[in-house]
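Trainee: Following this message is one structure expressed as structure tokens.
The values are calculated or read from the model by the stated rules, or taken from the named source; none is laboratory data. Note that the structure is a prediction, hence the values are computed from the model and not measured. In this analysis, Cβ positions are derived from the backbone assuming ideal geometry, glycine residues included, and neighbour counts consider all displayed protein chains.
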Amino acid sequence: MRFGPFPLEDAPGAILAHSQAVPGGRLRKGRVLDRDDIAALRAAGLAQVIAARLDPGEVGEDAAAARLAAALVPDPATAGLRVTDATTGRVNLYATGPGVLRLDAGAVNALNRIDPMLTVATLPPFARVAAGTMVATIKVISYGVDGDALQRAEAAGQGAGQGVGQGAMAIAPVRLRSAGLILTEMPGQGPSPQKGETAIALRLDALGMELTETRVVAHDAEAIRQALRDLPGELVLILTASATSDVHDVAPAAVVGAGGRLTRYGMPVDPGNLLFLAELDDRPVIGLPGCARSPALNGADWVLERIACGIPVDDDAIAAMGVGGLLKESPARPHPREG
């Protein structure tokens, strides 16, 4: 690509590098100059203009951005994404509904290593999204790029696929539509059950899920076990008045006593360490940490969002949450990290 000053007689077909005021208006950066534009530039008293002209084999910024978008997301509708038209070398990708972002980070990294002029920026993997959330932006920095480099970037961006449209990114939609909640209370001590219910209802609402029923019972394994009977909802949530401090504490013991199976206790995310996972009657059970009473982000959000979207959360998945798992300290935290 040739970039620099062009005499106006040589500028038709070149790409304007800087916006320029002309009589009666303004020519915008990125405009492909035609004869009328040249006349307007002369009328503005200019003899030359800073512009770019593509060489043979180069692809213009908008066409290149559109091609990268098609490589990353070959089937936007199936992937739950809306892809904008390319303008000034940019294409944005938006979620069309609630869910979490499935992302082949290796494919995005590989694409970004091909040529500094070809860039893709995304939200983190498994980020929660709503309809209209921007999940990625593709920007071709220069006015044109080498066609061979673009082809390599397209191949890199296709990645291993996410099982949805065979692209490098897609939205995993919310699959569970309802949840039942058990809260325990300890008379004369502990937080109000209502505060926990409100925070959980807001989390579920953000996912498009319904809180079908809340049962408030004594902080006792047998009381929780009884509350689990016929609790409606595709997902079971338990938030106890006192934090679960052992696999044999009242909430895990109640789930096991009801015929369930404990699959995980503890996670390397703070706040959120004292979460447990279980299964009961083919339904997932999340034992929420006390920090779930706050609307602030905590480890339970990451687990809840993935399970709601049908993404398995096993030991490896939870272990991997430790990197980046040091979350913002809550002012309401009863035992701060630093005394």
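Trainee: Of all residues in segment 82-98 being hydrophobic (A, V, I, L, M, F, W, C), over 12 Å from the mean Cα position of the chain (by Cα) and assigned to a strand (DSSP E or B), which is surrounded by the fewest Cβ atoms within 10 Å (Cβ to Cβ)?
Mentor: Result: Val83.
Trainee: Given the conditions (1) surrounded by fewer than 18 Cβ atoms within 10 Å (Cβ to Cβ); (2) of a type outside the set (Lys, Arg); (3) assigned by TED's automatic domain parsing to the domain that holds Arg113, and given that Glu210 satisfies all but one, which numbered condition is not satisfied?
Mentor: Just one mismatch for Glu210, condition (3).
Trainee: Next up: So the check is Cβ under 6 Å with 6+ separation or different chains; which pairs have a first residue in segment 104-132 that's in contact (Cβ under 8 Å) with a residue 12 or more places away in the chain and closer than 30 Å to Met209 by Cα and a second one that's outside any strand (DSSP E or B) and charged (D, E, K, R)?
Mentor: Listed pairs, sorted by first residue: Arg128/Glu305.
Trainee: Within segment 304-313, which residues are surrounded by fewer than 24 Cβ atoms within 10 Å (Cβ to Cβ) and in a helix (DSSP H, G or I)?
Mentor: Scanning segment 304-313 gives Glu305, Arg306, Ile307.
Trainee: If you take the residues in segment 266-293 that are in a strand (DSSP E or B) and acidic (Asp, Glu), which one is nearest to the chain's Cα centre (by Cα)?
Mentor: Checked segment 266-293; the qualifying residue nearest to the chain's Cα centre (by Cα) is Asp270.
Trainee: Going through Ala65, Ala39 one at a time, which residue ends up being in contact (Cβ under 8 Å) with a residue 60 or more places away in the chain, among the small types (Gly, Ala, Ser) and in a helix (DSSP H, G or I)?
Mentor: Just a single option satisfies the conditions, and that option is Ala65.
Trainee: Also: For segment 14-24, indicate whether the set of residues that are of a type in the set (Gly, Ala, Ser), over 27 Å from Pro116 (Cα atoms) and not assigned by TED's automatic domain parsing to the domain that holds Gly144 is non-empty.
Mentor: yes
Trainee: For Ile138, only one of the following conditions fails: (1) touching a helix residue (DSSP H, G or I) at 6+ places or on another chain (Cβ under 8 Å); (2) in a strand (DSSP E or B); (3) among the hydrophobic types (A, V, I, L, M, F, W, C); (4) surrounded by fewer than 19 Cβ atoms within 10 Å (Cβ to Cβ). What is its number?
Mentor: Single failed check for Ile138: (4).
Trainee: Is it the case that Ala199 is of a type in the set (A, V, I, L, M, F, W, C), assigned by TED's automatic domain parsing to the domain that holds Arg293 and assigned to a helix (DSSP H, G or I)?
Mentor: It is true that Ala199 is of a type in the set (A, V, I, L, M, F, W, C), assigned by TED's automatic domain parsing to the domain that holds Arg293 and assigned to a helix (DSSP H, G or I).
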